[in-house]
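Here is the structure we will look at, set down as structure tokens.
The values are calculated or read from the model by the stated rules, or taken from the named source; none is laboratory data. Note that the structure is predicted; figures quoted are calculated from it, not measured. Note that we place each Cβ from the backbone using ideal geometry, even for glycine, and neighbour counts take in every protein chain shown. Please note that ligands, DNA and RNA were not included when accessible areas were found on the heavy atoms of the full protein model with its side chains. Shrake-Rupley method; radii C 1.70, N 1.55, O 1.52, S 1.80 Å.
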Amino acid sequence: MKALKNLTLSYVNLSLKSLKFLTNLKFLELIDCNLRDISSLKHLIRLEILSLRNSLFGEFPKELGALTELRLLDLRTFCQLKKLSSNVIQRFSQLEELYVGDCFDKWEDERTRVKGSNASLSEFKSLSKLVVLFLETNTKCLPKDFGFVCNKLLRYDISVNTYTDHVVSESRKKALTIKDIEAPSLITFKALSPTLEYLCLKEVTGCENILPSIDKGGLNKLNSLVLEDCKDLKCIIDTFQMQVPTPTFSNLVKLSLTRLNLLREICCGPCGKLQSLTNLKVRECKSLTCLFTLSLARSLVQLKSLELSDCESLKHLFTREEVDNDRGKEILSESNHVAIVLPNLEKLSIEKLPQLRCIWKGLTYHVNLKNLIDVKVRECKSLTYLFTLSHVRSLVQLKSLEVHGCENLEHLVITEEGDNDEGEDMRCNQLCDIVLSGLKDGFFKNLEELSIYSHGVNVVFQLQGLVTDRQHILSLPNLKTLRLYYWQELEGLCKSPAHLLSLENLITLDIDHCNRLRNIFTPSLARNLLRLQTLYVYDCEELKEIIAEDDEEDQSVLKDNLQPLFFQNLLEIIVVRCPKLRRLFPVTMAQGLQELEKIFVFDNSQFEEVFGHENVAGIMDHKRIVLRQLNWLSLKALPSLTNFCQDGYHFIFPSMSSKLGSVLIVKDCPKIATRFSLGEDKSVHAEAKDEKGYHPTGGNLKHAHDCLPGHVVRPRESYSRVYKAFC
């Protein structure tokens, strides 16, 4: 054992006295151990690497000064050290890497110059070989000549007056985080400026700009900048204050700005560029009125993600700057029709910007959005439109569009900014009409998810009056998810002729709080939804039908004895709190629902039948219907429910008794007469009485509630929303 050179122990309760005979040990790693007294380590004089990561011990004693061969010391631990003895660290003359996290906060106060029993940061000056430093400390412990230490560092993560997430820190090579400090004190870290890759400043006062105030060299190695609660900051780059033009932030990839109350612009003056920026977040900057000027925007060739929220004065994201010199005017005029702005933008999220009226002011011909995939717009109450026709033509990759709580949004697409003639004729909140009029030219053809909240439109797809010689005038060939929430005026998805609309790949339709909606589909539209798998309907007070049964154009479809196939791939349907709905589907379409697995109907006061039809006597010759995949049926709080199906029909569910996790619940349905039972074929049967009052299969069945007690299980995660309604 004496020859042992490397030792790693973890999660042990250990007395280190047992290690004192391992005098040849060079590498010792004690991870998450209960160590108590570590003074016995003084005998390991050949030790070069000592890691006590997350281990429990009370102090780092002066006896460990004997470990003069140490090259790496890691003291990061969750416990608080009571003492780190003075004059110990300075004896580690060979030390190259030192990691001291938030475990020790009793460094000697450099301002008092009173020598105490704890170590001071001045001892670091003796560590001539130190090149890696992980340190968390506070302002009063920083020596004035701490820059001497910083000069030599090749890798570092230094936090002052704040803490660092250890997990995040592992991925950062040259990072500085400072909180609650006055700007002049930042000179202590000036030596780090040429190499800084990550800089986070919180609650720094007395600083009106980052460049050139903090660094005149441009911080060109920096790739991530985080600024929070710096109350005096007015801009990030002030080129007017630079004596000579200097490259700035040439490698900056991520920029995050939060609660900068005086910030009015990112760049003040000409020539500012952010050519490497890929991610920008701006939050709660209440004085910001415009984010980018045209010249700065033109440098954003790498920008991929733009997130803005809670900026109460922001009126425009992009705008032309006012240029006084003749050369500036010439540059703008030369480039008026060059689409060079935001060519790599993939994600745009804007939220709670109450003054924002338009996004692209003055940039109609400058913006190229060819890589934009995801757009979210929430609670921008003054916004009147999102895109111009020029922008939309470049939206070839758009997959997700979400609009929520934009009360004055009149148009998603307008012809061109400044072209008000057509716009004035359509000032009636016809959001979706205007959006979808562009689809005939192939706009949004890659859109996969469309979510729109809180609008006054009465029809999503307004097709009346359209004439075309093509099969479909409006096509969303890749749309998979459509969500419509809180449309108080919505009366229907589509007004005829519905055959002009193609939603052939729609998988999920989610409708919530559309209180004037009376039906969801016309029969012709329902026939086109070949891939629909999930249908969720919540809180629609006027909803009477899922599929319109009084549509003149399609009346014959529902009475066709050939039993038209609707929703052949439908897997689940959930209907909650729709008080006027009387049934889910016509009985004529039941035979086609061979993929249907789950039905959930809850709290619909006038609901009478799951499958039924008005005036359908003798509509189907065969009244035995098999739903082979149905294994989840929950009918709750339906005071008017009398039958699962109409009199004389017999439904069979082979999977209900055989499939693990099956559910059959009928609760608080006092009028139901349908008999649910388990047959000799091990299938669950649902039968309504025929006109003579008899069940077709007589008495050969057992009651399902006696046979299936083990099959009622907790719902899967996808049903959590429904169960929250009554649990």
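Filtering the range 375-398 to residues that are buried (at least 18 other Cβ atoms within 10 Å of the Cβ), under 13 Å from Leu345 (Cβ atoms) and under 22 Å from the mean Cα position of the chain (by Cα) leaves Val375, Leu395, Leu398. The strands (runs of 3 or more DSSP E) located wholly in the range 471-565 that include 1 or more residues which are at pLDDT 85 or above occupy 481-485, 508-512, 519-521, 534-538, 545-547. Residue count for the range 6-36, restricted to those that are open to solvent by 50 Å² or more (accessible area, probe 1.4 Å), under 18 Å from Leu73 (Cβ atoms) and either assigned to a loop (DSSP other than H, G, I, E, B) or aliphatic (A, V, I, L, M) (or both): 1. Filtering the range 347-359 to residues that are surrounded by fewer than 18 Cβ atoms within 10 Å (Cβ to Cβ) and under 14 Å from Leu303 (Cβ atoms) leaves Lys347, Ser349. When the range 638-669 is filtered for residues that are small (Gly, Ala, Ser) and open to solvent by 10 Å² or more (accessible area, probe 1.4 Å), the ones remaining, listed by number, are Ser640, Gly648, Ser655, Ser657, Ser658, Gly661. If you go through the range 55-79 and keep only what is open to solvent by 10 Å² or more (accessible area, probe 1.4 Å) and either touching a Cys at 6+ places or on another chain (Cβ under 6 Å) or assigned to a helix (DSSP H, G or I) (or both), you end up with Leu56, Lys62, Glu63, Ala66. Scanning the range 612-637 for residues that are open to solvent by 20 Å² or more (accessible area, probe 1.4 Å), at pLDDT 90 or above, assigned to a loop (DSSP other than H, G, I, E, B) and not charged (D, E, K, R) yields Gln629, Ala637. Listed here are the strands (runs of 3 or more DSSP E) enclosed by the range 156-243 that have at least 1 residues being without any contact (Cβ under 8 Å) to a residue 12 or more places away in the chain, open to solvent by less than 10 Å² (accessible area, probe 1.4 Å) and more than 19 Å from Leu263 (Cβ to Cβ), and there are none. In the range 574-591, the qualifying residues are those that are open to solvent by less than 10 Å² (accessible area, probe 1.4 Å) and of a type outside the set (A, V, I, L, M), and the one that is modelled with the highest pLDDT is Cys578.
When Glu597, Glu609 are checked against the criterion of being closer than 25 Å to Ala526 by Cβ, open to solvent by less than 40 Å² (accessible area, probe 1.4 Å) and acidic (Asp, Glu), a single residue qualifies: Glu609. Note on the range 520-544: residues that are open to solvent by less than 40 Å² (accessible area, probe 1.4 Å) and not aromatic (Phe, Trp, Tyr) total 14.
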